[in-house]
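Colleague: Here it is, the structure in full.
The values are calculated or read from the model by the stated rules, or taken from the named source; none is laboratory data. No experiment lies behind these values; they were computed from the predicted model shown. Cβ sites come from the backbone with ideal geometry, for glycine too, and all protein chains shown count toward neighbours. For the accessible areas, the whole protein counts, side chains as well, though only heavy atoms, and no ligand, DNA or RNA atoms are used. Shrake-Rupley method; radii C 1.70, N 1.55, O 1.52, S 1.80 Å.
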Amino acid sequence: MDVGKSFGYVFDDDQWITKILIAAAILALGLLFSWMLLIPLLLAGLLLGGYGVEITRRVLNGATPVLPEWDDWGELLIDGVKAWVVGVIYALPIIIVGVCLSPAIGIAAEDAEEVSSLFGSVLGCLNFLWGIVMGLLLPAAIAAWVAQDELSAAFRFGDVISLVRNNFGTYLIVLVIGWVANIISGLGLLACGVGFLVTAPYAGWITAHLRGQAYLVATGPGQQPAPEESPA
């Protein structure tokens with residue numbers, strides 16, 4: 001797996017400046033109009049997420065350039081919604097735990113601050129641990145859906161878990177690089193917050209490329225569909 005490629009492939013595209021400026025504009029408009037029930041920001045996030053899914057698809061298919069054009073907005077939005085659904089399903093365990101513990105934390109806060117603090121710490125630890133689990137499983141789940149062109153493939157939990165378990169080192173790299181990408185994203189805030197409009201999409205593109213690479217490594221060349229032959 002070429003980690004360096006996931007950071008540098010963006011700049012191999014002759015139109016990378018235009019493409020990242022479009023991504024920045026989408027994020028900027030989403031933030032600017034987020035006062036409208038957060039709907040514009042949600043739409044921006046779905047579009048950027050769908051763009052990341054398309055990057056993963058192009059990595060899996062060996063398409064060039066890897067950065068897609070900003071043209072099929074409807075398809076990008078649909079892919080973004082699908083990716084969001086996958087994320088929510090994988091987050092359900094910690095969401096349910098949080099919903100169950102929140103009343104207990106509230107009741108404990110009225111009687112004993114120490115008990116409330118304990119419950120809060122437990123919930124924080126569970127959130128952190130499940131965040132690691134999701135960081136390992138989600139890239140595999142999304143790539144499985146994209147590779148097999150079936151959203152249900154993301155929810156074949158046994159297959160996804162086996163894929164990650166059998167290629168733990170590979171997906172650990174994806175997890176760690178994902179954290180690094182988040183740090184890069186946060187660095188954009190140092191430039192009066194404006195840089196975030198560029199670093200946030202770029203960070204997403206890093207992880208999108210890497211999850212495609214990881215799936216190819218994990219499944220092996222023998223598991224990939226044969227390239228279509230061009231008609232004679």
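Colleague: I need the full set of residues from the range 48-64 which are more than 12 Å from W205 (Cβ to Cβ) and surrounded by fewer than 22 Cβ atoms within 10 Å (Cβ to Cβ), in order please.
Modeller: R57, L60, N61, G62, A63, T64, listed by residue number.
Colleague: Determine whether L67 is open to solvent by 30 Å² or more (accessible area, probe 1.4 Å) and either among the small types (G, A, S) or not in a helix (DSSP H, G or I) (or both).
Modeller: no
Colleague: Does V115 satisfy being at pLDDT below 90 and open to solvent by 80 Å² or more (accessible area, probe 1.4 Å)?
Modeller: no
Colleague: I've got another one for you. Would you mind stating whether L42 is in contact with a helix residue (DSSP H, G or I) (Cβ under 8 Å, 6 or more places away or on another chain) and open to solvent by less than 60 Å² (accessible area, probe 1.4 Å)?
Modeller: Criteria not met by L42.
Colleague: So the check is Cβ under 8 Å with 6+ separation or different chains; which pairs have a first residue in the range 132-146 that's farther than 12 Å from L172 by Cβ and a second one that's of a type in the set (D, E)?
Modeller: Partner pairs satisfying both residue conditions: A144/D159.
Colleague: Pick out the one residue from G222, G195 that is of a type in the set (G, A, S), out of contact with any strand residue (DSSP E or B) (no Cβ under 6 Å at 6 or more places or on another chain), open to solvent by less than 40 Å² (accessible area, probe 1.4 Å) and modelled with pLDDT under 95.
Modeller: G195
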